[in-house]
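One structure is given here, and the rest of the page talks about it.
Every read-out reported here was derived from the displayed coordinates using simple, explicitly stated rules and does not represent laboratory data. Predicted model only: the values in this text are computed from it and were never measured. Counting neighbours? That spans all protein chains shown, and the Cβs are built from the backbone with ideal geometry, glycine included.
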Amino acid sequence: MTEVRSPIDFSGKTVLVIGGSSGIGNGIARGFLDSGAEVHIWGTKESPESYAGGDGNFNRLHYQQMNAADPGAIEAFNPPFKKLDVLVQSQGIILYSRGEFEVKGFRRVLEVNLISLMTCAMKFHPLLVEAQGSMIVISSSAVFHATKGNPAYNASKAGAAGLTRTLGQAWASDGIRVNGIAPGFVETKLTAVTTKNERRRAEALSRIPIGRFGRVDEVAGIALFLASPMSSFIVGQTLLADGGMLL
């Protein structure tokens, strides 16, 4: 009898998760790893040990220190893998205390959250063409609503969704499927300013019909779906995963 392989089986596949050292990116990396893939992750610190006390799990992941916002470093990077089936771009920062209302802060956020997406996409385009692979861009529910105190974060995430649409259209003929995920409130280090504050936490939960924050493994499940044959006719879309918050 012929063995039927699950479409969520990534055995023999190679995955790179940029921003895979913590939070949603690390959860996605773990998801692909658990599905059989060889998974490489990028982070900005020197080694996995530098993240002690954080929310990342580095077990069996191949770690590389890399600043995705440094175009020279990206261009000079010599990948330790010969093929790439899935590229996940999960890099991102946010500045509080009105830091994004200063031009320097605004520019810094856009460099990391938007411009680096294109730099990394172009770097790995040839490998993705060869593998007929897919790219997944992690943005935010902020794509669809305003964020009063964070203009750069909002603009960068809206731009990420626009880039996802455009590269989805431009690269479909190359055999690359480009899609994205827009998570709502997921409990990570990045959202701790809300989830760890009693007043803000209660206010945020009151707006989520499902009655809870999301988990990184739930976002990972969407990434696995978007990279699998189950989504083979989906191109250029950013899927909102917010527990119904924007309803």
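Things to note:
- Calculated from backbone phi, Karplus (6.51, -1.76, 1.60) coupling profile of the stretch 228-242 in Hz, x at Gly/Pro: 9, x, 5, 10, 4, 10, 9, 9, x, 9, 10, 8, 7, 10, 9
- Intensity falloff of the stretch 90-143 expressed as log10 I(q)/I(0), Debye formula with alpha-carbon point scatterers, at q = 0.16, 0.22, 0.26, 0.31 Å⁻¹: -0.58, -0.86, -1.04, -1.21
- Extended-chain gain in nm, criterion 0.36 nm per residue less alpha-carbon gap, residue 210 and residue 146: 20.9 nm
- Relative contact order of the stretch 1-145: 24 percent, from C-alpha pairs under 8 Å at least 6 residues apart in sequence.
- Share of pairwise Cα separations in the stretch 1-134, more than 28 Å, in percent: 20
- Computed extension length for residue 50-residue 172: 40.1 nm, one decimal, from 0.36 nm per residue of separation with the Cα-Cα distance subtracted.
- Under 15 Å, Cβ to Cβ, from residue 163 - net charge with Lys/Arg +1 and Asp/Glu -1: +3
- Taking amide hydrogens as placed 1.01 Å from N in the peptide plane, the amide H of residue 22 sits under 5 Å from that of no residue at least 5 positions away in sequence or on another chain.
- Here the convex hull built on the C-alpha positions of the stretch 27-89 has a volume of 101 cubic angstrom per residue.
- Distance from the Cα centroid of the stretch 197-246 to that of the stretch 22-71 is 21 Å (rounded to whole angstrom).
- Over the chain, relative contact order from alpha-carbon pairs under 8 Å, at least 6 apart, %: 21
- Taking the stretch 150-237 and dividing mean pair separation by its residue count, relative contact order in percent (alpha carbons under 8 Å, at least six apart): 41
- Beta bridge orientation in the chain: antiparallel %, DSSP, nearest 5: 0
- A simple charge model with +1 on the Cβ of Lys and Arg, -1 on the Cβ of Asp and Glu and nothing else charged puts the dipole of the chain at about 600 debye relative to its Cα centre.
- Taken over the chain, the percentage of Cα pairs per 5 Å bin, counting from 0 up to the bin with the maximum distance, is 1, 6, 14, 18, 21, 18, 12, 6, 3, 1, 0, 0, 0.
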